[in-house]
1. What's the number of the condition Glu316 fails, among (1) within 18 Å of the chain's Cα centre (by Cα); (2) over 22 Å from Asp152 (Cα atoms)?
2. Filter region 393-403 for residues that are at pLDDT 90 or above and not β-branched (Val, Ile, Thr); which is farthest from the chain's Cα centre (by Cα)?
3. Within region 300-315, is there a residue that is more than 18 Å from Gly202 (Cα to Cα), surrounded by fewer than 21 Cβ atoms within 10 Å (Cβ to Cβ) and touching a helix residue (DSSP H, G or I) at 6+ places or on another chain (Cβ under 8 Å)?
4. Looking at region 367-390, which of its residues are of a type in the set (A, V, I, L, M, F, W, C) and in a loop (DSSP other than H, G, I, E, B)?
5. Do the conditions hold for Asn76, that is, is it surrounded by 14 or more Cβ atoms within 10 Å (Cβ to Cβ), under 22 Å from Ala143 (Cβ atoms) and touching a Gly at 6+ places or on another chain (Cβ under 9 Å)?
6. Which numbered condition trips up Leu321, out of (1) hydrophobic (A, V, I, L, M, F, W, C); (2) farther than 20 Å from Leu223 by Cα; (3) at pLDDT 95 or above?
7. Just the residues that are open to solvent by less than 20 Å² (accessible area, probe 1.4 Å) and aliphatic (A, V, I, L, M), please, taken from region 376-403.
8. So, of the residues in region 154-174 that are surrounded by 24 or more Cβ atoms within 10 Å (Cβ to Cβ) and either charged (D, E, K, R) or within 19 Å of Gly391 (Cα to Cα) (or both), which turns out to be nearest to the chain's Cα centre (by Cα)?
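The values are calculated or read from the model by the stated rules, or taken from the named source; none is laboratory data. Just so it is clear, the model here is predicted, and its values are computed rather than measured. Cβ atoms come from the backbone with ideal geometry, glycine included; neighbour counts cover every protein chain shown. Calculation scope for accessible area: heavy atoms of the full protein, side chains included, ligands and nucleic acids excluded. Shrake-Rupley method; radii C 1.70, N 1.55, O 1.52, S 1.80 Å.
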Amino acid sequence: MPNTKASIYLRDIEKEILINKKVIVRVDYNVPLDKKLAVTDDSRILATLETIKYLLSAGCKVILMSHLGRPNGESNNKLKLDPVARKLEDLLQKKVIKLDDCIGQDVKKFISDSNNGELILLENLRFYKEEEENDEYFAKELASLADIYINDAFGAAHRAHASTVGITSFVPSYIGFLMEKEIKTLDKLIKNPDRPFVSVIGGAKVRDKITILEKLVDISDILLIGGGMAYTFLAALGYEVGRSILEKEYIENVKKILGIAKKKNKEIVIPVDSLVADEFAEDAIAYNVPVDKIPPKMMGMDIGEKTIRIFQKKIENAKTLFWNGPLGVFEMRKFSKGTNKIAAKIATLEERCFTVIGGGDSIAAINKIGLAGNISHISTGGGASMEYLSGEKLPGIEAIKNK
C-alpha cells in the first residue's frame, strides 16, 4: 500500500490534530539499573523528553511503552519499569502513572478514564513473548489504546517487533523528534559529510562490524582501528599477537577490507604498539610493547602510548568524526587510558568538527570523563546506528514509511 502521508514525522503534523488525542509512544527505556534497581544512566530517558513535552503541550493523553532487559516473555520483578517511571517523574517534575500491564481490558479502561495531559507508562513489553514475535493480536491490542502511534525508540528500530512494526498496521503512525534527529544525523554522515571524515572503530570483535567497516571504508577518509578487533587486523598483516583476541576465520575478511581501502586510496591506521598483560585482570602484569614484539604468553589489552599519539594527530584535523567501540578493556582502570585519551581528544574538537558517537561502551566512556556535552550527537541506538550506517533498512522506520 503506497504511503499517502505528507510526512512521516511528528514535527510535520499540525498541532491542532493532536489536541485531546490518545498518543502511544514507543520509547527505548532499556536503561542500566544498579543492585537497588535504580537507574544509573538516564541518557536514553532524557533523549525522549522533547517528544513527550511536545505531546503534553498539545493536550494529548500520552501513553509510553518500552522494554527493559531480556525477561524472555515472563514477568520479572527486577525488570519492571517502576524505576524508570520514578526517574522520568524526577526529570519532568510531573506525575507518571505506571501501570502493571501493557494490554488488556483493565489497561484500556484506565486509559479511557484518564484525563487529557496525563502521562502513562505501560509495563515492560517483553513480559509478553508476543512482543518479540511481532504477534498481530498483541500489536492490535497495543494499537487499540490510542488514536496515534509515535515511534521514538531508535535503539529498537532495527527490531521487527509488535511495538515497532506490527502496531503500524492498525493506527496512524509517525516518527518522533528523537528518531528524526537520529535519521537525519546519520544521513549526513552517509550522504554529505564535511571532510576529512575520520572513523574510530573499536570493540572486541571484527565479526560484529564487517558490514560497517566495508561501508566506512567507502564513506570515510581515515579509519582508526583499536580494541580487541585490532589484533585480527594485525594478524592479517602477518604479526604474531600472542594470546590477544584473534578471529582467525575473519582474517580473509580483514584482508579484503584492507585491499578495498588501498584501492580507494583510503587510510586505515592500525596500532603500532600495545599495552599487553599476562592475564585478563585489573592486577595483571602489564607493559607497553611494539606490535611486532608481543610476547607469546601476553595479550593485548589497550592501544599503546605511541598509537594514542598517532590517533590524536589523525583526529585533530577531522571535520566529521564517527566513533564506535572502546579502544581497550576500558572497564578496567589499568587498560582504560587509550579509550579515555581518545574520547577526551574527540571532545576537544567541539564546533570545528561534527562528532557522532554510537554504541553503549563509547557513550559510557564519554560520560565517564564528563565530556558528553562537547559531542555533536550521541546516538541512542548502537546496533541500530551501525545497521543504518551500513545501508540496512531498519524495520521500525520502514514500517512507518510504507503505511
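1. Against the list (1) within 18 Å of the chain's Cα centre (by Cα); (2) over 22 Å from Asp152 (Cα atoms), Glu316 comes up short only on (1).
2. From region 393-403, those at pLDDT 90 or above are 393-401; that's our starting set.
Then drop every residue that is not not β-branched (Val, Ile, Thr), which leaves 393-396, 398-399, 401.
Values: Lys393: 16, Leu394: 13, Pro395: 16, Gly396: 14, Glu398: 18, Ala399: 20, Lys401: 21 Å.
Residue satisfying both the conditions and the ranking: Lys401.
3. First, the residues of region 300-315 that are more than 18 Å from Gly202 (Cα to Cα): none.
No, region 300-315 contains no residue that is more than 18 Å from Gly202 (Cα to Cα), surrounded by fewer than 21 Cβ atoms within 10 Å (Cβ to Cβ) and touching a helix residue (DSSP H, G or I) at 6+ places or on another chain (Cβ under 8 Å).
4. Let us first name the residues in region 367-390 that are of a type in the set (A, V, I, L, M, F, W, C), namely 369, 371-372, 375, 378, 384, 386, 389.
Of everything in region 367-390, those that are of a type in the set (A, V, I, L, M, F, W, C) and in a loop (DSSP other than H, G, I, E, B) turn out to be Ile369, Leu371, Ile375.
5. Values: surrounded by 14 or more Cβ atoms within 10 Å (Cβ to Cβ): yes; under 22 Å from Ala143 (Cβ atoms): no; touching a Gly at 6+ places or on another chain (Cβ under 9 Å): yes.
For Asn76, the condition - surrounded by 14 or more Cβ atoms within 10 Å (Cβ to Cβ), under 22 Å from Ala143 (Cβ atoms) and touching a Gly at 6+ places or on another chain (Cβ under 9 Å) - is not met.
6. Unmet condition: (2).
7. Result: Ala384, Leu389, Leu394, Ile397, Ala399, Ile400.
8. Result: Gly155.
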